[in-house]
Amino acid sequence: MLNLLRRVDRGSAEFESWLVALLLGVSVLLNFALVVSRYVFSHSVNQLEELSVYLAIWLVFVGAVACDRRRQHIALDIVYHLLPPARQEVLRRVADFLQGCLCLYLAWLTLKTVLFTYQLGEVSLSSLRAPVWLLMAVMPPAFALIGLRSLLRGVVAGYADLPAEAESLS
C-alpha cells in the first residue's frame, strides 16, 4: 500500500513542480511585457494586468500544495520543540489530521462556490470579462490534495516518512 502511495505522491509532486515552474515563467514573461508596454510604449494593457493577477492566485494555490508536500508551509512549531520526540510525533499527527479535515471541508466549500459561479455565468468586471469560475477552479483540487496528504500523514503510519522526491525546483 505504501508503495502505491509513494508512486502516486511522486507523480503528483513532479506535476506540481512543473506547474509551479510554468505558472511562474508565464507570470514573469507577462509582467515583463506589461512593464515594457507601459514604460516604453506608454500603453497599459488592462487585460494582461488582470491575467497577471489570476496567474499569481493560481501560483499561490499550486505552491501551497507543493509546500505542504515538502512540509515547508508556515507552522507554529515552538510547542513541538518543548515536547519529547515521542510526543512531538503524536502532536504532528493530530495537527495533520485536523488540517486534513479542515482542508477537505474547504475543498467542498470552494467546489460548491466554483459550481455556483459557473452556473451563474459570472465574469470579471474588467474588459477581459474572464469567467470567475476559471479563476477559482484551482482552489478545490488544491485544498483536496493538501487535505488528503494531511489525513494520510495523520492516519497512515509511515506515510509522513515518505521521501520528498521530485524536488526539481529546490
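Tell me, what is the percent relative contact order of the chain, built from C-alpha pairs under 8 Å that lie six or more residues apart?
Reported relative contact order: 31 percent.
Quote the Stokes-Einstein diffusion coefficient, in whole µm² s⁻¹, for the stretch 54-95, based on the Kirkwood radius over alpha carbon pairs, a temperature of 10 °C and a viscosity of 1.306 mPa s.
133 µm²/s
Taking the chain on its own, what percent of its Cα-Cα pair distances exceed 24 Å?
Numbers: 6995 of 14365 pairs.
So the pairs more than 24 Å apart make up 49 percent of the total in the chain.
What FRET efficiency, computed as 1/(1 + (r/R0)^6) with R0 = 30 Å and r the Cβ-Cβ distance, is obtained for Ser44 and Tyr118, rounded to the nearest 0.05?
Working from the Cβ atoms, E equals 0.50.
Taking square-rooted eigenvalues a ≥ b ≥ c of the alpha carbon gyration tensor, is the stretch 1-89 rounded, prolate or oblate, where a/c under 1.5 means rounded and, failing that, a/b exceeding b/c means prolate?
It comes out oblate by the Cα gyration axes.
With +1 on each Lys and Arg Cβ and -1 on each Asp and Glu Cβ, how big is the dipole of the stretch 1-86 about its Cα centre, in debye rounded to the nearest 20?
Approximately 280 debye in magnitude.
Would you mind counting up the charge near Val155? Only other residues with Cβ under 10 Å from its Cβ, with Lys and Arg at +1 and Asp and Glu at -1.
+1
Express in whole angstrom the spacing between the alpha-carbon centres of the stretch 1-37 and the stretch 125-147.
Using only Cα atoms, the two centres lie 16 Å from each other.
What's the angle, to the nearest 10 degrees (0 to 90), between helix 139-155's Cα axis and the longest principal axis of the chain?
Result, in degrees: 10.
Contact order normalised by length for the stretch 26-91, with contacts defined as Cα pairs under 8 Å and 6 or more residues apart; what percent is it?
Over the stretch 26-91, the number comes to 21 percent.
What accessible area per residue, rounded to a whole number of Å², is obtained for the chain using a probe radius of 1.4 Å? Kindly include the intermediate steps, with their values, before the conclusion.
Working: 10780 Å² over 170 residues.
In whole numbers, the chain has 63 Å² accessible per residue.
Of all accessible surface on the chain at a 1.4 Å probe, what whole percent is carbon and sulfur?
That fraction is 72 percent.
Identify which of Tyr80, Tyr105, Tyr118 has the largest mean-square fluctuation in a Gaussian network model of the chain, with springs joining Cα atoms closer than 10 Å.
Tyr80
The values are calculated or read from the model by the stated rules, or taken from the named source; none is laboratory data. The model shown is predicted, which means the values in this text are computed figures rather than measured ones. When we count neighbours, we look across all protein chains shown, and the Cβ atoms used for this are built from the backbone with ideal geometry, even at glycine. All accessible areas refer to the heavy atoms of the entire protein, side chains included, with ligands and DNA or RNA removed. Shrake-Rupley method; radii C 1.70, N 1.55, O 1.52, S 1.80 Å.
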